[in-house]
Number of protein chains: 2
Amino acid sequence: MAEDQLNIQALVCPVPHPHDRHILLGHGSGGKMSQNLIKNIFLPPFDNPTLRAGDDAGVVHIELENGVKEQITDRFAISTDSHVVWPLFFPGGDIGRLSICGTVNDVAMMGGIPKFITVGFIIEEGFEIGLLINITKSMKSASEEANVSIVAGDTKVVQRGKADGLYINTTGVGVIPANIEIGGANAKPGDVVILSGSIGDHGIAVLGARGELGFSADVSSDVAPLNSLVQSMLNKCSQIHVLRDPTRGGLGTSLNEIAQQSNVCISINESSIPIKPAVAAACELLGFDPLYVANEGKLIAILPPEDADVVLHAMQNTRYGEESAIIGNVLTEPSRRVLLKTVIGTTRIIDTPSGEILPRIC
Amino acid sequence: MAEDQLNIQALVCPVPHPHDRHILLGHGSGGKMSQNLIKNIFLPPFDNPTLRAGDDAGVVHIELENGVKEQITDRFAISTDSHVVWPLFFPGGDIGRLSICGTVNDVAMMGGIPKFITVGFIIEEGFEIGLLINITKSMKSASEEANVSIVAGDTKVVQRGKADGLYINTTGVGVIPANIEIGGANAKPGDVVILSGSIGDHGIAVLGARGELGFSADVSSDVAPLNSLVQSMLNKCSQIHVLRDPTRGGLGTSLNEIAQQSNVCISINESSIPIKPAVAAACELLGFDPLYVANEGKLIAILPPEDADVVLHAMQNTRYGEESAIIGNVLTEPSRRVLLKTVIGTTRIIDTPSGEILPRIC
């Protein structure tokens, strides 16, 4: 049985394969093992249309009554993320900034305007309060930049050795304007694929901070709130079909998710994908494919070709979208596949990675 | 400097007291150390009126547009809780049921009708998938009972030794009906205090499951969703002033929070407080005051005296409120204090506990 297959049946076998009985780091990678865990373990008990959509945030309808008891229905985007990044501080950011931006971005990727954030701290006994103060300052700064309020919080302390310093869960709620219909299942053949900037910065910056590169990479994480970028895009075109931030699992994994949700083929051009020389060099040396390295301040947009130029121009005029580029387009066949046209003119299939890529990158 | 005082100034002293520099288990207890951590470290950067209210859930207003572009404002209750209970399974429940009920109850304590829950799992590498399946079944069952949908989720896996099996964050969103104004600051002199049932069951059940009692207590946790109990109360009286579930820190801590938020004195009668003989016996043997032992399926209600009987009767007719009793009333002085009239006729002050009570009880 392949390592990436999670077979619940095996649980009742007398001598099941250990991969089927225990959680492995790969189950948290965002790749195939994560997808199998969600599909086989979490979706069956929790199943509902919102979860089944498999998007960055759940879109819910709440029926409200206005003053004259007229029923209206409004849509909200709700998203949650636990942040276990290690180390807690890295070039370009820290777990505090990451925890706000990660959730703000997931709400924004459904076209939601993020409004409220909750924060749940799990702290290891003995953690330095000075570090906690620095992290909360970073959260304050990121939430001000993203224009969200922290409206509820919780703190738990666990004994030494039962966590790794600090974990932070954030959950975000945003309002989706009436005319917006964004979702991973909405990509259509003929659509254009735009990427908002260079890939792999976050992953390489965190690896560098771990001292795992073996050399100095001089790369900063791209961690940033993307909601104002999204608003500047939606101001130009309300017909954006898909938005997604390629975090854990990187660009390659996110494009595969969209291709599967939309039953389309996504074709991208290697030569169009922005990548910093230092990131490319680090990936080359370490044997990583930058397509699978995490980002925390980038987005993929998929939209009708007639809107591509105006949206691209709007993106390039924003702080976090200066390097935006058209990187490909959506085709009908081969369905549920991502194709890469390489710089040497060949085409290769970009698959969802199987197991663990880089643990605790976010 | 007392152990329960967290002095940020000390952080810059050359030789600060270690209690001021590092997180201790007591900072997660729900008592004074927790309150100081929130007041000194979390509130200054995150400050806003919603957080400052210090209630079980944040109450937020969202401006919406209905179909004819008329602006309306509706109120939502948002609450978050990370669950780190150990052991994961205990008589009467498990971390799955606890994680749903804890958040459902926090939303309900603001008069909110809980609608949506998000779930964030932090799983230790090597965790048994069979246990995870049992825990998700338990979450499914609790969310069905509470009539809430799980609309977003996240899974992170950390290396062996970087967690303790499984931690679960849940965040809940509920709608607050227009005529409800519940909050910890709303208790008024003359109000009556009702408790929905016996105290200390959860804490003693978890201690028993840890094998820390040294004897068999035959006590089950009371962990339960209280939103239908709250609705049956609000159906009889929309003028309930305060609702709170006395979880971490127990009844004594919750009443102190309310007395401080409302600037009142709360006086309770020891003889009126329901307590199971097995819980009383366990507390007696271990030297615990049951007033500070955690509950996960009980609530305190504070309301005008003219409504007390009808609300009490409604509570006693529900599954989780059968043992409801009037346990005291609200006075003007001594302000911000909780007084206990003991069974032997004396009066003693019930203070907020200082440090750690029982770690990882929820």
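A few comments on the model shown:
- In order along the stretch B:221-229, phi translates into HN-Hα couplings of 4, 8, 3, 7, x, 9, 5, 6, 4 Hz, rounded to whole numbers, per the Karplus curve 6.51 cos²θ - 1.76 cosθ + 1.60 with θ = phi - 60° and x for Gly and Pro.
- For GluC sites (Glu not before Pro), the sites in the stretch A:205-305 that DSSP calls loop and that have at most 12 other Cβ atoms within 10 Å are A:Glu212.
- Debye-sum result for the stretch A:58-176 in log10 I(q)/I(0), which assumes one identical scatterer on each alpha carbon, at q = 0.11, 0.15 Å⁻¹: -0.42, -0.68
- A Förster radius of 51 Å combined with the Cβ-Cβ distance from A:Arg210 to B:Ile344 puts the calculated FRET efficiency at roughly 0.25.
- Highest to lowest packing among A:237-243, B:107-113, B:44-50, A:288-294, scored as the average C-beta count within 10 Å: B:107-113, A:288-294, A:237-243, B:44-50
- Charge sum, other residues only, whose C-beta stays under 11 Å from B:Ser254's C-beta, Lys/Arg counted +1 and Asp/Glu -1: 0
- A helix-only calculation puts the protein assembly as shown at -8500 deg cm²/dmol for mean residue ellipticity at 222 nm, using -39500 (n - 2.57) for each DSSP H run of at least four residues, averaged over all residues.
- Using a probe of 1.4 Å, the accessible surface attributed to B:Ser354 totals some 50 Å² when neighbouring protein chains are kept in position.
- The local environment of A:Asp307, defined by Cβ-Cβ distances under 12 Å, has a net charge of -2 under the rule Lys, Arg +1 and Asp, Glu -1.
- Remark: accessible area buried at the B-A interface is about 6900 Å², both chains counted, probe radius 1.4 Å.
- FRET E, pair A:Ser238, B:Ser238, Förster distance 56 Å, beta-carbon r, rounded to 0.05: 0.85
- Distances between copies at B:Asp47, taken between label points 7 Å from Cα along the C-beta direction, are 5.1 nm in increasing order.
- Bridges between two residues of the stretch B:192-349, per DSSP, are antiparallel at a rate of about 80%.
- If the convex hull is drawn through the Cα atoms of the protein assembly as shown, its volume per residue in Å³: 162 Å³
- Between the amide H of A:Gly165 and those of A:Glu124, distances stay under 5 Å, these residues lying 5 or more places away or on another chain, with hydrogens modeled in the peptide plane.
- Whole-Hz couplings from phi, Karplus 6.51/-1.76/1.60, listed for the stretch A:287-301; x for Gly and Pro: x, 8, 8, x, 5, 10, 8, 5, 10, 10, x, 10, 9, 9, 10
- Across the identical copies, the 7 Å label point of B:Glu333, projected outward along Cα→Cβ, sits 8.9 nm from its counterparts, in ascending order.
- Label-point separation in nm, A:Ala281 to B:His61, each point 7 Å along Cα→Cβ: 5.5 nm
- Surface composition of the stretch A:192-349: carbon and sulfur atoms hold 48% of the protein heavy-atom accessible area at a 1.4 Å probe.
- At 7 Å out from Cα toward Cβ: A:Gly161 inter-copy label distances (nm, ascending): 0.9
- Relative to the current alpha-carbon distance between A:Asp289 and A:Ala178, full extension at 0.36 nm per residue lengthens the span by 36.0 nm.
- Tensor-based shape of the stretch A:192-349 (alpha-carbon gyration tensor, a/c under 1.5 rounded, otherwise prolate or oblate): oblate
- Net charge contributed by nearby residues that have their C-beta within less than 13 Å of A:Ile135 (K/R +1, D/E -1): +1
- Most mobile listed residue (A:Ala146, A:Ala163, A:Ala57) in chain A, GNM with C-alpha springs under 10 Å: A:Ala163
- Calculated from backbone phi, Karplus (6.51, -1.76, 1.60) coupling profile of the stretch B:248-254 in Hz, x at Gly/Pro: 3, x, x, 4, x, 5, 4
- Most mobile listed residue (B:Lys39, B:Lys162, B:Lys140) in chain B, GNM with C-alpha springs under 10 Å: B:Lys162
- Accessible area per residue, Å², the protein assembly as shown with all protein chains present, probe 1.4 Å: 36 Å²
- Of the trypsin sites (Lys or Arg not before Pro) found in the stretch B:208-308, none is in coil by DSSP with at most 10 other Cβ atoms within 10 Å of its Cβ.
- GNM flexibility winner over chain A from A:Val175, A:Val343, A:Val206 (Cα, springs under 10 Å): A:Val343
The values are calculated or read from the model by the stated rules, or taken from the named source; none is laboratory data. Note that the structure is predicted; figures quoted are calculated from it, not measured. All Cβ positions, glycine included, derive from the backbone under ideal geometry; neighbour counts span all protein chains shown. The area values use the complete protein model at the heavy-atom level, side chains included, leaving out ligands, DNA and RNA. Shrake-Rupley method; radii C 1.70, N 1.55, O 1.52, S 1.80 Å.
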